[in-house]
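Step one of this worksheet: look at the structure below.
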Amino acid sequence: MSDTPFVVVEGLHFSRGDKEIFRGVDLAIPRGRITAIMGPSGTGKTTLLKLIGGQLVPDAGRVLIDGEDVHRQSRRALFAMRRRMGMLFQSGALFSDLSVFENVAFPLRVHTDLPQTMIRDLVLMKLEAVGLRGARELMPAELSGGMARRVALARAMALDPELILYDEPFVGQDPISMGVLVQLIKRLNQALGLTSIVVSHDIKETLTIADYVYVIADGQVMAHGTPQGLDVSEDPRVSQFVHGEPDGPVPFHYPAVDFYTDILNSGGRR
Amino acid sequence: MIEQITSLGRRGCELLESLGRAGIFVAQSAVGVPSREGWHLWLRQMHFVGVLSLAIVLVSGLFIGMVLALQGYTLLVDFGAEQALGQMVALSLLRELAPVVAALLFAGRAGSALTAEIGLMKATEQLSSMEMIGVDPLRRVVAPRLWAGFVSLPLLTIGFSVVGIYGGYLVGVEWLGVFEGSYWGNMQASVSFIGDVGNGMIKSLVFALVVTWIAVFQGYDLVPTSEGISRATTRTVVYSSLAVLGLDFVLTAIMFGGLT
């Protein structure tokens, strides 16, 4: 395994309308590891994944995957590049008109000419890995949230990608499916030698599986390091986020005038 | 004052930009080599877009033909010209009513469904995930729907005309007692295949393109929330109805207005 990072993000700038989302983000994602990207809600973590996947184009800066600039590819080359990546969406994003089996078979059917029997074997292998071989005939609408995410994970792995992007894999899961997902991500990463990027704000779960963590806030990388390093970080902003303290450098109160004067000067205004 | 002018300018730029996006969008989806799988996807959409619109289009066609015959008869009979009923029904249907009414019904029935369906796929990230799997949603989702709409509306329009003419026959001949020979005979003598049937079909092809394009683009370009979907669905019906009626006038002026 070489030491060059698999994904490199350099000086990334991106804005939506007037709102600046990233102001110079630099990341280096090592090969074969789980890298977590964390940060408070609304810091554009999902946007970052879409930039890495080439679905959005940055205003400045570049994203290199295995040395190739994602945003300098032709449409065709970009689609070819994406076959080497899998992405797990927050909602699962299963195709609602296809069964579980067909959802997992979809990437195989469109990108390979494999015979039916082999596709069946591959799909059953992937479903077995996420423990849902028995649910293959169900439709996405019949699945629970956690099951849908596991099917989506099986689909993301169908073409044996080198890179998997996880968008908030733990949000809205009950403790059991949360534990299952944490296990799965860790195990798949080790067994298949994948490079994983996990975007999340679930501190506890993410820190247990991540090898390296980037914390993003206000459009920049606020801190990065190993989970242990962040846990004992002296930076008050990092420690507020990692330990989930309600008040600190990120204030509890939305900016407002002084409470005392606000109460006294009602004068019929709101 | 200056502000109003700037906002007018901005509106204009936004309109041009969205027209440009829609143009690129349709070019990217419609062009491409049809594969065997594309054929299957297209057939599936023909069912959803075309076959499922059949009932409303045919029933409306029947009633419009019947009403035409009834109204026409009461007018023509005063001049002793009720023999011309067949000609009147056929010409009104073929030239105007079938292409326009079928397109309006199609926009309401199929167009709004297309917008909502594609919008929902966008809101649930299905389009994004398809992109990340390395499948172009323009080819896979949009193109079959675009082509299905483009092919099925002209076919529905033919059905509308046929049923409408039959409805006119039911009322005019069977009920009001117009001589059957003159109903069909006058129709045959006065309807020109290229001038009336052909021009009606050209109208229908234009409407099919415009209505499906609007529907599919509105679905693809909407704000991916439930509110965004409901707004886009409304916009589809409003824009396509206005476009159909406006274009109908332009096309009629060119085809039958003696402008050329």
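Out of (1) in contact (Cβ under 8 Å) with a residue 12 or more places away in the chain; (2) touching a Gly at 6+ places or on another chain (Cβ under 6 Å), the odd one out for B:F150 is which?
(2)
May I ask you to list pairs of residues, at least six apart or on different chains, whose Cβ atoms are under 6 Å apart, with the first in segment B:107-122 being in contact (Cβ under 8 Å) with a residue 40 or more places away in the chain and hydroxyl-bearing (S, T, Y) and the second being open to solvent by 20 Å² or more (accessible area, probe 1.4 Å) and in a helix (DSSP H, G or I)?
Close Cβ pairs (under 6 Å, with a partner that is open to solvent by 20 Å² or more (accessible area, probe 1.4 Å) and in a helix (DSSP H, G or I)) amount to B:S112/B:T233; B:S112/B:V237; B:T115/B:Q218; B:T115/B:T233.
For B:E117, are the conditions met, namely being within 13 Å of another protein chain (Cβ to nearest Cβ) and under 24 Å from the mean Cα position of the chain (by Cα)?
yes
I'm trying to understand the selection: among the residues of segment A:100-109, which are more than 14 Å from A:R150 (Cα to Cα) and either touching a residue at least 24 places away in the same chain (Cβ under 8 Å) or at the interface with another protein chain (Cβ under 10 Å from one of its Cβ atoms) (or both)?
Taking segment A:100-109 as the starting set, the residues that turn out to be more than 14 Å from A:R150 (Cα to Cα) are A:102, A:105-109.
Across segment A:100-109, the qualifying residues are A:A105, A:F106, A:P107, A:L108, A:R109.
In segment B:71-86, what residues are open to solvent by 80 Å² or more (accessible area, probe 1.4 Å) and either in contact with a Pro (Cβ under 7 Å, 6 or more places away or on another chain) or not in a helix (DSSP H, G or I) (or both)?
none
Any idea which of (1) more than 9 Å from chain B (Cβ to nearest Cβ); (2) free of Cβ contacts under 8 Å to residues at least 12 places away in the same chain; (3) within 20 Å of A:L49 (Cβ to Cβ); (4) not hydrophobic (A, V, I, L, M, F, W, C) is the one A:E68 doesn't satisfy?
(2)
Just checking, how many residues over segment A:38-73 are under 17 Å from the mean Cα position of the chain (by Cα) and part of a loop (DSSP other than H, G, I, E, B)?
10
Within segment A:15-55, which residues are surrounded by 22 or more Cβ atoms within 10 Å (Cβ to Cβ) and in contact with an Asp or Glu (Cβ under 6 Å, 6 or more places away or on another chain)?
Residues satisfying the conditions are A:I34, A:L49.
What number of residues in segment A:38-65 are of a type in the set (V, I, T) and either free of Cβ contacts under 8 Å to residues at least 40 places away in the same chain or in contact with a Phe, Trp or Tyr (Cβ under 8 Å, 6 or more places away or on another chain) (or both)?
Selection size over segment A:38-65: 3.
Output the residue which, of all residues in segment A:1-11 that are under 17 Å from the mean Cα position of the chain (by Cα) and part of a strand (DSSP E or B), is surrounded by the most Cβ atoms within 10 Å (Cβ to Cβ).
A:V9
When segment B:156-205 is examined, which residues are found to be among the aromatic types (F, W, Y) and within 18 Å of B:G72 (Cβ to Cβ)? Spell out the reasoning first.
Residues of segment B:156-205 that are among the aromatic types (F, W, Y), as a first pass: B:160, B:166, B:169, B:175, B:179, B:183-184, B:193.
Residues satisfying the conditions are B:F160, B:Y166, B:Y169, B:W175, B:F179, B:Y183, B:W184.
Within segment B:26-43, track down each residue that is within 20 Å of the chain's Cα centre (by Cα) and surrounded by 14 or more Cβ atoms within 10 Å (Cβ to Cβ).
Scanning segment B:26-43 gives B:V26, B:S29, B:A30, B:W42.
Based on this model, can you work out whether B:M130 counts as out of contact with any Lys or Arg (no Cβ under 9 Å at 6 or more places or on another chain), open to solvent by less than 40 Å² (accessible area, probe 1.4 Å), under 18 Å from B:F25 (Cα atoms) and within 14 Å of chain A (Cβ to nearest Cβ)?
Considered against the rule, which asks whether it is out of contact with any Lys or Arg (no Cβ under 9 Å at 6 or more places or on another chain), open to solvent by less than 40 Å² (accessible area, probe 1.4 Å), under 18 Å from B:F25 (Cα atoms) and within 14 Å of chain A (Cβ to nearest Cβ), B:M130 comes out as no.
Give segment B:171-190 a look and list any residue that's part of a helix (DSSP H, G or I), open to solvent by 60 Å² or more (accessible area, probe 1.4 Å) and in contact (Cβ under 8 Å) with a residue 24 or more places away in the chain, or say none.
If the condition is that a residue be part of a helix (DSSP H, G or I), open to solvent by 60 Å² or more (accessible area, probe 1.4 Å) and in contact (Cβ under 8 Å) with a residue 24 or more places away in the chain, then B:W184, B:A189 are the ones that fit.
Out of segment B:191-214, which residues are farther than 23 Å from B:L245 by Cβ and open to solvent by 40 Å² or more (accessible area, probe 1.4 Å)?
B:S192, B:F193, B:I194
Has segment A:75-86 got any residue that is of a type in the set (G, A, S), open to solvent by less than 20 Å² (accessible area, probe 1.4 Å), within 14 Å of another protein chain (Cβ to nearest Cβ) and outside any strand (DSSP E or B)?
Taking every residue of segment A:75-86 in turn, none turns out to be of a type in the set (G, A, S), open to solvent by less than 20 Å² (accessible area, probe 1.4 Å), within 14 Å of another protein chain (Cβ to nearest Cβ) and outside any strand (DSSP E or B).
The values are calculated or read from the model by the stated rules, or taken from the named source; none is laboratory data. Everything numeric here is computed off the predicted structure, so don't read it as measured data. Glycine gets a Cβ as well: all are built from the backbone with ideal geometry, and neighbour counts include every protein chain shown. Surface areas here come from the heavy atoms of the whole protein model, side chains and all, with no ligands, DNA or RNA. Shrake-Rupley method; radii C 1.70, N 1.55, O 1.52, S 1.80 Å.
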